[in-house]
Every structure is written in structure tokens, then in C-alpha cells.
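Asker: Can you read through this structure? Questions will come right after.
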Amino acid sequence: VDVFFFQAEDGIRDVERSRGLGDVYKRQEISFGTTNDKMIVIREGQTSKAVTILVRGGSKTVVDEAKRSLHDALCVARNMVRDNMIVPGGGASELSASVAVFNAAEKIGTSEQYAIKSFAEALEVIPLALAENSGYSPMDYVGNLKAKQISEKNPALGVDCLRKGNNDMFVQGVYESAKSKIQQLQLATQVVKMILKIDDVIASTEYEQTHKSFIEYI
């Protein structure tokens, strides 16, 4: 199946018709693992750009988690190819966005400013989680980091998870795809909007009691 996938994706069928698969590729049987599993690999193609990633693990759960992580990494690489714009990582982009949203809320005179300020506070969850996971006091660290961003006017200042002594994420080489970041924020906002549209939640026990009372009434 993998070989057929390569042929369909990279036009090897045309090469196979003209010169034959054996003239273009090196075929080799390899064995791996404690069970000595065998696999035929095709490598050193002159025209192929396809790559097969073999994932093995002790259980299906481990393999599925590895596949999910690989898929996420490949999607990030794909987004970088489509759009090479980047934003600083380490929670720096979320923190700077929070500051900008909060400042925009201050200019609104109606009660809507409280909803906008809540959105700004929600953006700080990522840097707070990073700071806590890195062993810092999250509230104090993020509060000082926010003040530092505002005073130095540097939106690239983020959580120093590796404790390198520098909060500038571009200096540390920590950055994310701008397209992925935009998609994350849009998806999170859509989920919140869907939840806010829910008027009421009927629990299963409450539903059964209501249904029983209705049947008895009938």
C-alpha cells in the first residue's frame, strides 16, 4: 500500500513504464524490533520526494498519540510553506494581544467593555500555564512580564521556559506560525460563542424526572 501511495503521488508509474522500477530505486528488506519484523523499503529514488514515517510503540495508545503529534507537526510545516509569517512563542503573542485588547476595551464607554476585558484575561491563560509548568509563580511572573512588555514596547517578550535568562523569544529562536496562531484563536472564540448560545442544559436525571411527570400527567 505504501509503495502504491508513492507511485500515485510522485508519478513513478511513468518512470516504471519507461525504465522499470528496479532501474530507478534501490529495494531492500530490513528487519527491526524484538520480534524481527520484516519490511521492504524502496529508497534512493531519482525523482521521488515522498517519505514514509514508520511509527512503532508498545501499545495502540502510544502509536496513536505519536501519529497525532506527527500530524500536528506536519500541519505546522505545511502552514509555514503556505504562509511564512511568524509570531513569537512562549506566550508572548497571547500576552501582547491581551494588552492590546484591554487597551481597546478602555475606549468603549458601554457595558460591552467588560466582555472585551474578559476576553483579554482569557488570552493570558497560555502564558500563565507556561509559567506554572516552568516552575515560576504564574501570577507574579506574568504580571511582571506584562509590565516589561509595556515599558519596553517589545511584544516578543515571553516566558523563559528554558531559563536562559532572556525573555525575548526571537533571540531564543522560539516562534510559531502566524497562520496556526490565528486559526487557534478563531477556533477558541467560535467554541466560546457556541457555549454562550446555550440557554439551558438538561441533565439526564432531570430529563427522566420531567419525562416521567409528563407521562403521569397524560
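The values are calculated or read from the model by the stated rules, or taken from the named source; none is laboratory data. If you're wondering where the values come from, they're calculated on a predicted model, not measured in any experiment. We work out accessible area using only protein heavy atoms, side chains counted, and drop any ligands, DNA or RNA first. Shrake-Rupley method; radii C 1.70, N 1.55, O 1.52, S 1.80 Å.
Asker: Might you work out the accessible area of Thr110 for me, using a 1.4 Å probe with all protein chains in place, and round it to the nearest 10 Å²?
Answerer: 80
Asker: Working with all protein chains in place, sort Val125, Val41, Val142 by solvent-accessible area computed with a 1.4 Å probe, largest first.
Answerer: Heavy-atom accessible area, descending, gives Val125, Val41, Val142.
Asker: Can you give the accessible area of Ile116, probe radius 1.4 Å, in Å² rounded to 10?
Answerer: 50
Asker: May I ask you to rank Asp72, Asp140 by accessible area, largest first, using a 1.4 Å probe over the protein chains only?
Answerer: From most exposed to least exposed: Asp140, Asp72.
Asker: Right, here's the next one. Share of segment 70-111's accessible area from carbon and sulfur, percent, 1.4 Å?
Answerer: The computed percentage sits at 64.
Asker: Additional query: Which entries in the list Lys107/Lys164; Lys67/Lys148; Lys146/Lys181; Lys67/Lys197 go over 31 Å, if you measure between the two C-alpha atoms of each?
Answerer: From the list (Lys107/Lys164; Lys67/Lys148; Lys146/Lys181; Lys67/Lys197), the Cα-Cα distance tops 31 Å for Lys107/Lys164; Lys67/Lys148; Lys67/Lys197.
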